[in-house]
Amino acid sequence: MITKKGTAITAARRVVAEQEDAEEACQAALAADAGAAFLARLVAAENVCDEVTAYLLGQAWFCGLPFIVDERVLIPRSPIGELIEHRFEPWLPGTPKRILDLGCGIGVCGLSLAWLRCCESPVCLSDISEQAVQVAQRNAKRLVIPAISRVGSLFSPWEGERFDAIVEDVS
């Protein structure tokens with residue numbers, strides 16, 4: 001069954017997948033179904049295109065990696081992505097054994113560091129939001145990255161544990 005929302009999502013996916021002109025895809029969606037107008041205009045608008053497209057596609061990119069996103073979580077917009085890609089050099093010499101991503105959200109910082117082999121053991125992820133931790137777990141599984149994830153406020157899930165590096169990007 002074709003729905004109004006489905007038509008708009010199809011138009012949004014077409015824009016992203018084929019990198020076609022957003023205005024052209026928007027007009028096609030409008031012609032196909034007037035109910036898709038709102039979503040199609042959002043996709044065509046530069047100021048919200050990345051966020052809306054990420055939610056429509058269920059995916060956002062960070063440090064060159066695809067991360068699962070959905071309506072329960074925020075789209076990653078970390079300003080420390082470049083630092084992660086450079087492995088925090090020169091501030092983080094060597095390879096830490098244990099890294100904690102505190103307030104991990106969907107896990108972009110910790111999982112990206114683990115992907116870059118910036119830690120020796122599973123990366124540790126925690127957030128106060130149970131939904132965010134669930135999505136972080138899905139991202140770790142999808143990226144085949146060993147991770148230990150816990151729900152809780154600040155350091156409470158890790159009481160008595162020690163880390164060589166702590167990444168925090170709760171902004």
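The values are calculated or read from the model by the stated rules, or taken from the named source; none is laboratory data. If you're wondering where the values come from, they're calculated on a predicted model, not measured in any experiment. Using ideal geometry, Cβ is built from the backbone for each residue, glycine included, and neighbour counts are taken over all protein chains shown. Please note that ligands, DNA and RNA were not included when accessible areas were found on the heavy atoms of the full protein model with its side chains. Shrake-Rupley method; radii C 1.70, N 1.55, O 1.52, S 1.80 Å.
Filter the range 130-151 down to the residues that are within 14 Å of residue 101 (Cα to Cα), modelled with pLDDT of 95 or more and surrounded by fewer than 20 Cβ atoms within 10 Å (Cβ to Cβ) and list them by number.
Residues satisfying the conditions are 137, 148, 150, 151.
Can you name every residue in the range 52-79 that is of a type in the set (Ser, Thr, Tyr) and open to solvent by 60 Å² or more (accessible area, probe 1.4 Å)? Explain how you work it out, then say what you get.
Just the residues of the range 52-79 that are of a type in the set (Ser, Thr, Tyr), to begin with: 53, 55, 78.
Correct list: 55 only.
Pairs, please: C-beta under 6 Å, at least 6 apart or cross-chain, first residue closer than 22 Å to residue 146 by Cα and in the range 83-98, second in a loop (DSSP other than H, G, I, E, B) and aromatic (Phe, Trp, Tyr)?
Every condition considered, the pairs that remain are 98/163.
Within the bounds of the range 111-118, is there any residue that is small (Gly, Ala, Ser) and closer than 19 Å to residue 62 by Cα?
Our first condition is that a residue be small (Gly, Ala, Ser); within the range 111-118, this holds for 112, 114.
Then drop every residue that is not closer than 19 Å to residue 62 by Cα, which leaves 112, 114.
Yes - at least one qualifying residue is present in the range 111-118.
Taking the criterion of being within 16 Å of residue 67 (Cβ to Cβ) and either touching a strand residue (DSSP E or B) at 6+ places or on another chain (Cβ under 7 Å) or open to solvent by less than 40 Å² (accessible area, probe 1.4 Å) (or both), would at least one residue in the range 152-163 satisfy it? I'd like the intermediate steps shown before the answer.
Taking the range 152-163 as the starting set, the residues that turn out to be within 16 Å of residue 67 (Cβ to Cβ) are none.
Looking through the range 152-163, none of the residues is within 16 Å of residue 67 (Cβ to Cβ) and either touching a strand residue (DSSP E or B) at 6+ places or on another chain (Cβ under 7 Å) or open to solvent by less than 40 Å² (accessible area, probe 1.4 Å) (or both).
Do we have residue 114 as closer than 16 Å to residue 68 by Cα, in contact with a Pro (Cβ under 8 Å, 6 or more places away or on another chain) and in a helix (DSSP H, G or I) here?
Details: closer than 16 Å to residue 68 by Cα: no; in contact with a Pro (Cβ under 8 Å, 6 or more places away or on another chain): yes; in a helix (DSSP H, G or I): yes.
Against the criterion (closer than 16 Å to residue 68 by Cα, in contact with a Pro (Cβ under 8 Å, 6 or more places away or on another chain) and in a helix (DSSP H, G or I)), residue 114 does not qualify.
Return the total of residues in the range 53-94 being closer than 24 Å to residue 154 by Cα, in a loop (DSSP other than H, G, I, E, B) and of a type outside the set (A, V, I, L, M). Show your work before the answer.
The initial filter retains those residues of the range 53-94 that are closer than 24 Å to residue 154 by Cα, namely 62, 67-81, 83-84, 87-88, 91-92.
When the remaining residues are screened for being in a loop (DSSP other than H, G, I, E, B), the result is 69-80, 87-88, 91-92.
Right, trim to of a type outside the set (A, V, I, L, M) and you get 70-72, 76-79, 87-88, 91.
Residues meeting the conditions: 10.
Sort out which residues of the range 138-155 are touching a helix residue (DSSP H, G or I) at 6+ places or on another chain (Cβ under 9 Å) and touching a residue at least 40 places away in the same chain (Cβ under 8 Å), and write them in order of number.
139, 143, 147, 149
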